[in-house]
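Step one of this worksheet: look at the structure below.
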Amino acid sequence: MSKQQPILVHGGRPIDNIGNKLLVLGFRPHRVRTRDEAFAKADQLGSELRVALVDALAPPEDVRALAMRGLAVVVAGERPSDATLKQLREAGAQVALWEPVDDAAVQFVLGQAGLSDRGAEGRRHGRVPTDLKALVRAKAGNRTASVHEMSESGAYLATLRPLMKGAVVPIELRLPDTEVEVEAQVVWSNVIGNLRKDGHPTGMAVKFLDLPGDVRGQLLRYLGSQLERFQI
């Protein structure tokens, strides 16, 4: 049996761009065009199905019907009017992927929606995709990295020169309005020719060690602002 998370993809052309990415990103998409088709597919998949990706311009009745079946509804496409957003919220949608959207955002939102009945608010300490830059101060030489995703307890750093598991290094994180330095330990690495984690670029996962209170507060404020990107 496939370990890929099934995603019900309900809608037409507006969400095809996202739907076309799902298999590559580690999901198992099931495309439907009508509410009846959606119900039939949901019945077929049973409790294995937890997430529906729905065109934001779909009838609110479709969103409500899927939400009432216990699915986390993620709406996607061009951001609609405030009136339509209000209808979507009232119908039970909580999370959105507005164009333009990158692969990291798709993975995060759909993965978290499948982990929690509360949509993208669930587990992993609020881990979110970011476009931050970081400087890793290693003994063998400093190296720059992109922060692929981050939480208050750790981050995944995309870099062509990851360090070995267990290494402890200071890392400078460049937040939008400030820079903070944290001490971190490498938990695992993806290296060229031996990638261990699907959906992660070459790089390394690190956990933060003994964050000072002011630094933790700065990280939490940033993470909160990032999470708001996906809320309706």
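The values are calculated or read from the model by the stated rules, or taken from the named source; none is laboratory data. Quick caveat, the model's predicted, so the values are computed rather than measured. Here the Cβ positions follow ideal geometry from the backbone for every residue, glycine too, while neighbour counts run over all protein chains shown.
Among residues of the stretch 78-103 that are closer than 30 Å to Pro201 by Cα, those with a beta-carbon under 6 Å from a residue that is assigned to a strand (DSSP E or B) at least six positions away or on a different chain give the pairs Arg79/Trp98; Val95/Val74; Ala96/Val75; Leu97/Ala76. Here is the figure for the stretch 64-77: residues that are aliphatic (A, V, I, L, M) and touching a residue at least 60 places away in the same chain (Cβ under 8 Å) total 3.
Does the stretch 143-162 include one or more residues that are of a type in the set (Val, Ile, Thr), part of a strand (DSSP E or B) and under 22 Å from Asp102 (Cα atoms)? Checked against the condition, which is being of a type in the set (Val, Ile, Thr), part of a strand (DSSP E or B) and under 22 Å from Asp102 (Cα atoms), the stretch 143-162 yields at least one hit.
When we screen Arg221, Arg137, Arg161, Arg174 for residues that are basic (Lys, Arg), outside the structural domain of Val106 (by TED's automatic domain parsing) and under 23 Å from Gln107 (Cβ atoms), the only hit is Arg174.
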